[in-house]
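Some notes on the structure that comes next.
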Amino acid sequence: MPHVPLTDLPDHRAQAAPSYPEIDAAARQAGLAVCGALHPARQPVKALAGGTLVLLGTAGAFWPVFKTSPEHKDGAPHPVDRWSERVVGALAEDLGGKAHFPFGGPPYTPFVNWALASGRFFTSPSQMMVHDLAGMLISLRGALHFEQEIDIPPPPLAESPCRSCPFRPCLSACPAGALADGGPYNLAACHDYLDTPDGGGCMTGGCLARRACPLSRNAGRDPQQTAHHMRHFHPR
């Protein structure tokens, strides 16, 4: 099947790099959102030395787009990852960048390192990452790396939103008691709880600790997407 461009933007492969607004618009049209960006030469990260890195994740538009995709309908394993490879790969081709993905290892691409370096992701008291807009309902689907340095907006927050969170519900909301201030995360306790009838609410509605973060309400997460992720985190 011939590649059909995701956007009607000009072909940048033989031209200057796209602007940040062009990248943002193309990502949105594809059902994704720019969750962060950085210049590795100024903010050192693993595996990259220069250029511009743009992190792509899901927002409210993702699930309706994904549900119409062939990956959702074909019944084959890992539909979201396969969708991400196709869509982020097409964005990279259209915009003249290189696609990277947080899956497919080991070895794995250092997405946590990249996210924290962007200034838009932080480590919460429970040690789970929190995003300045989406809270703890984070789903990074890929990244685009451009050889050129592109002007990018500064992070909107000067420090972690957790510093001004008075109640830290991410620590108290877990019914399994699997989370503690500063960690470690008791993965076994989490899975044991999900095997019980009481764990059904987490399986269908998502991790209570992640949902308890005040910023998570901004994620626009479709409950079906959350249930999908939970089924893959804890297969039954």
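Conditions: (1) farther than 17 Å from L179 by Cα; (2) modelled with pLDDT of 95 or more. Y193 meets all but one. Number of the miss? Of the numbered conditions (1) farther than 17 Å from L179 by Cα; (2) modelled with pLDDT of 95 or more, the odd one out for Y193 is (1). Scanning region 138-153 for residues that are of a type in the set (K, R) and under 21 Å from L53 (Cβ atoms) turns up at least one hit. Summed over region 157-167, the residues that are assigned to a loop (DSSP other than H, G, I, E, B) and either of a type in the set (S, T, N, Q) or open to solvent by 90 Å² or more (accessible area, probe 1.4 Å) (or both) give a count of 5. Residue count for region 195-206, restricted to those that are assigned to a helix (DSSP H, G or I) and exposed (fewer than 14 other Cβ atoms within 10 Å of the Cβ): 6. Just to be sure, is V88 in contact with a strand residue (DSSP E or B) (Cβ under 7 Å, 6 or more places away or on another chain), assigned to a strand (DSSP E or B) and either surrounded by fewer than 17 Cβ atoms within 10 Å (Cβ to Cβ) or at pLDDT 95 or above (or both)? Answer is no for this residue. Within region 12-59, take every residue that is at pLDDT below 95 and either of a type in the set (G, A, S) or open to solvent by less than 50 Å² (accessible area, probe 1.4 Å) (or both) and give me the one that is nearest to G135 (Cα to Cα). Per the criteria, the residue is A59. Any chance region 172-181 includes a residue that's in contact with a Lys or Arg (Cβ under 8 Å, 6 or more places away or on another chain) and open to solvent by less than 40 Å² (accessible area, probe 1.4 Å)? Taking every residue of region 172-181 in turn, at least one turns out to be in contact with a Lys or Arg (Cβ under 8 Å, 6 or more places away or on another chain) and open to solvent by less than 40 Å² (accessible area, probe 1.4 Å). For region 91-133, filtering for residues that are open to solvent by less than 30 Å² (accessible area, probe 1.4 Å) and either in a helix (DSSP H, G or I) or of a type in the set (S, T, N, Q) (or both) leaves 11. Flag set for A188, criterion: in a helix (DSSP H, G or I) and open to solvent by 50 Å² or more (accessible area, probe 1.4 Å). Among the residues of region 188-214 satisfying the criterion of being out of contact with any His (no Cβ under 9 Å at 6 or more places or on another chain) and among the aliphatic types (A, V, I, L, M), which is nearest to L171 (Cα to Cα)? Applying the filter and picking the extreme gives A209. Scanning region 207-236 for residues that are assigned to a helix (DSSP H, G or I), open to solvent by less than 50 Å² (accessible area, probe 1.4 Å) and touching a residue at least 40 places away in the same chain (Cβ under 8 Å) yields A209, A212, L215, S216, A219, Q225, T226, H228. Scoring P154 on the criteria (1) within 22 Å of N218 (Cα to Cα); (2) surrounded by 16 or more Cβ atoms within 10 Å (Cβ to Cβ); (3) modelled with pLDDT of 95 or more leaves a single failure, condition (2). Just for region 139-150: of the residues that are aliphatic (A, V, I, L, M) and either over 9 Å from the mean Cα position of the chain (by Cα) or surrounded by fewer than 21 Cβ atoms within 10 Å (Cβ to Cβ) (or both), which one is nearest to R82 (Cα to Cα)? The extreme case among them is A143. None of E159, E149, E93, E85 is under 26 Å from R231 (Cα atoms) and either among the charged types (D, E, K, R) or touching a residue at least 12 places away in the same chain (Cβ under 8 Å) (or both) except E85. Scanning region 39-55 turns up one or more residues that are in contact with a Cys (Cβ under 6 Å, 6 or more places away or on another chain) and within 30 Å of A173 (Cα to Cα).
The values are calculated or read from the model by the stated rules, or taken from the named source; none is laboratory data. Small disclaimer: the values here were computed from a predicted structure and weren't measured. With ideal geometry, Cβ positions are generated from the backbone for all residues, glycine too; neighbour counts draw on all protein chains shown. Side chains included, ligands, DNA and RNA excluded: accessible areas come from the protein's heavy atoms. Shrake-Rupley method; radii C 1.70, N 1.55, O 1.52, S 1.80 Å.
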